[in-house]
Amino acid sequence: MALVEIDELHLTMTSYDGAAHVLAGVSLSLERGEIWGLVGETGCGKSLTGLTLSRLVASPPARYLSGAVRFDGRDLLAADEETMRDLRGRRIGMIFQDPTTNLNPAFRVGTQMIDVALHAGRVDPSILGLAAGASRGARRRAARDLAVSMLDRVGIVDAARRIDDYPHQFSGGMRQRVLIAMALIGRPDLIIADEPTTALDVSVQAQILALLHRLAAEDGLAILLITHNLGVVAQIASHVAVMYAGAVVEAGDVRAVLKSPRHPYTQALIAALPRADVKRGALAGLPGVVPDLLTPPPGCRFLPRCPIGAADCARAAPGLAPVDTGQRVACFRAERAA
């Protein structure tokens, strides 16, 4: 059984303009030790998919129409809020996109990390290394020691002193490391990393990616890495899923997908990557825009932009199916070519 299984998930978001079908049959599974890159244009549903795994999508305005989200065999969509609070910060860790807005500037870094450690220790006392009946003072001391050890593990120099600093006293890369340390405190099985390197320069980005890769290898974590950057995916991920307009259109081993993309959208994304042999102004682009999800096109949502689309593509939405290069592709023509 996979650690995470998302099966034909459909989600609508209601606004004054109507209900937008923002997730249209998302299917994905993650095993322990795998790093999945989740890529696609802005608005394709990547972050919503990640937030759904930790049940952080407000409902309303969100409404799940059908599908299932299972974590270690447990149906998360049917779980109550108390169960989800126990899973968050303990078995499911979240690294948010912008550490500047996700660390409270009014509290010291240690205060925020100790709160996370105390919550994880309440769910599982062994995390703090104490018996269930330990005193409040002993629990806080153990939580602080755990926070210091996690800061040290993610490369914060002089962690025992820096834990008492405020977030503004850390650089952008160090704040991102703090978020990673907070996500690791509960010894999670799954980490959802939503654009964890967006605001970082390339040298710090490389350090953060190397850190995530090492943690997955050492602890057997499953990591869902949400990003726009195919270079980041090629560098760190073991697998990749490409999303378009609320659905996964191609998924598989990262080398197979990037070397032999079968869906025309994946092919267009890779063709748009800058290369040394491409002259200025000659970079390939994908014509058209992402469809309005209030009134999506019938059948395949990529059809209005697809260079190989045919009339039968409008009759039904294609599901993910295996092709001869090993990955799964949601394209009728790719399936027939297999």
Using a basic spin-label model with each label point 7 Å from the Cα along Cα→Cβ, how many nm lie between A134 and A78?
3.6 nm
If one builds a Gaussian network model of the chain from Cα atoms under 10 Å apart, the most fluctuating residue listed among L130, L224, L258 is L130
Fewest-first ordering of V257, V4, V290 by Cβ atoms within 10 Å yields V290, V4, V257
Charge dipole (debye, nearest 20) of segment 143-245; +1 at Cβ of Lys and Arg, -1 at Cβ of Asp and Glu
60 debye
Which length gain, in nm to one decimal place, applies between H228 and D145 when the Cα-Cα distance is subtracted from 0.36 nm times their residue separation?
26.3 nm
Listing Y16, Y244 by rising number of other beta-carbon atoms within 10 angstrom, fewest first, gives Y16, Y244
What FRET efficiency, computed as 1/(1 + (r/R0)^6) with R0 = 41 Å and r the Cβ-Cβ distance, is obtained for D124 and T42, rounded to the nearest 0.05?
0.65
For the chain, count all C-alpha to C-alpha pairs, find those more than 26 Å apart, and express that count as a whole percent of the total.
52 percent
For the chain, calculated [θ]222 nm from helices alone, where every DSSP H run of n ≥ 4 adds -39500 (n - 2.57):
-9500 deg cm²/dmol
Relative contact order in percent for segment 21-87 (Cα pairs under 8 Å, 6+ apart) equals 24 percent
Arrange K259, K279, K46 by Cβ neighbour counts within 10 Å, fewest through most, would you?
K279, K259, K46
Averaging sequence separations of C-alpha pairs under 8 Å and six or more residues apart, then dividing by the length of segment 45-124, give the relative contact order as a whole percent.
24 percent
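Here, each number is a calculation from the coordinates, and none is a lab measurement. A quick note: this is a predicted structure, and the numbers were derived from the prediction, not measured. Heads up, the Cβs are rebuilt from the backbone with ideal geometry, glycines too, and the neighbour counts pull from every protein chain shown.
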